[in-house]
Amino acid sequence: MENKKQEFWRVFKFLCFSASAGVIQFGLFTLLNELIKWSYWPSYLISIVASVIWNFTFNRHFTFQSANNIPKAMSLVFLYYLVFTPLSLWWGEALTNAGVNEYLVLGGTMIINFVTEFLYQRFFVFRKSINTNKRAQQQLQLQEENVSK
């Protein structure tokens, strides 16, 4: 059974990996928006795809420590983004067309994405496979050895 400390660290790791994915998303968005001068939606779409691939890879392995079937887990994450991406493109385009700064829109969207994606991955994608990969099993074995000493 998970305890509060383990869950805190899971959220912390998710936050750190999401922040690194956010740097990738923000940097790529800025490059496409400022240097190439693309409009909001193609800049956003390309940058979010890059950050999702990064974020999924690290969170599956380190945050949720899942040995879950990778294509299945990625397909479930794809379903999340099948809903989130059109919605966030819609409100992002609407807000930027209404004069809201594109970086303010991007920042708000990234916060919404962080919270909803954590909940989705924690309680849907990886709920039955948390701590099942080799790394988690080795950590569990070390903990058991330390307790028995």
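The values are calculated or read from the model by the stated rules, or taken from the named source; none is laboratory data. Values in this document were obtained by computation on a predicted structure and should not be read as measured data. When we count neighbours, we look across all protein chains shown, and the Cβ atoms used for this are built from the backbone with ideal geometry, even at glycine.
When you check PHE64 against the structure, is it buried (at least 23 other Cβ atoms within 10 Å of the Cβ), closer than 19 Å to PHE78 by Cα and of a type in the set (Phe, Trp, Tyr), yes or no?
yes
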- In segment 1-42, the residues that are over 12 Å from the mean Cα position of the chain (by Cα), buried (at least 19 other Cβ atoms within 10 Å of the Cβ) and in contact (Cβ under 8 Å) with a residue 40 or more places away in the chain: ARG10, PHE29, ASN33, TYR40
- Note on the structure: SER66 passes all but one of the listed conditions (1) in contact with a helix residue (DSSP H, G or I) (Cβ under 7 Å, 6 or more places away or on another chain); (2) modelled with pLDDT of 95 or more; (3) small (Gly, Ala, Ser); the exception is number (2)
- Query: Of the residues that sit in segment 119-146 and are assigned to a helix (DSSP H, G or I) and of a type in the set (S, T, N, Q), which one is farthest from PHE64 (Cα to Cα)?
  - Reply: ASN146
- Query: What about PHE114, is it without any contact (Cβ under 8 Å) to a residue 24 or more places away in the chain, under 17 Å from SER20 (Cα atoms), in contact with a helix residue (DSSP H, G or I) (Cβ under 9 Å, 6 or more places away or on another chain) and part of a helix (DSSP H, G or I)?
  - Reply: no
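With the condition kept exactly as written, say whether any residue in segment 21-31 is closer than 13 Å to GLU117 by Cβ and not hydrophobic (A, V, I, L, M, F, W, C).
Within segment 21-31, one or more residues are closer than 13 Å to GLU117 by Cβ and not hydrophobic (A, V, I, L, M, F, W, C).
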- Query: If we scan segment 52-69, do we find a residue that is more than 14 Å from the chain's Cα centre (by Cα) and part of a helix (DSSP H, G or I)?
  - Reply: no
- Note on the structure: For GLU93, the lone unmet condition from (1) under 20 Å from SER66 (Cβ atoms); (2) in contact (Cβ under 8 Å) with a residue 12 or more places away in the chain is (1)
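Check whether at least one residue in segment 94-108 is part of a helix (DSSP H, G or I), buried (at least 17 other Cβ atoms within 10 Å of the Cβ), touching an Asp or Glu at 6+ places or on another chain (Cβ under 6 Å) and not basic (Lys, Arg), and report yes or no.
Applying the first criterion (part of a helix (DSSP H, G or I)) to segment 94-108 yields 94-97, 102-108.
Checking the rest, the ones that are also buried (at least 17 other Cβ atoms within 10 Å of the Cβ) come to 95-96, 102, 105-106.
Still in the running and touching an Asp or Glu at 6+ places or on another chain (Cβ under 6 Å): 96.
Narrowing the set further to residues that are not basic (Lys, Arg) leaves 96.
Checked segment 94-108: at least one residue is part of a helix (DSSP H, G or I), buried (at least 17 other Cβ atoms within 10 Å of the Cβ), touching an Asp or Glu at 6+ places or on another chain (Cβ under 6 Å) and not basic (Lys, Arg).
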- Of the numbered conditions (1) surrounded by 20 or more Cβ atoms within 10 Å (Cβ to Cβ); (2) under 22 Å from GLY99 (Cβ atoms), ILE48 fails exactly one; give the number of that condition. (2)
- When you go through (1) assigned to a helix (DSSP H, G or I); (2) over 13 Å from the mean Cα position of the chain (by Cα); (3) farther than 16 Å from PHE118 by Cα; (4) not hydroxyl-bearing (Ser, Thr, Tyr) one by one for VAL49, which number turns out not to apply? (2)
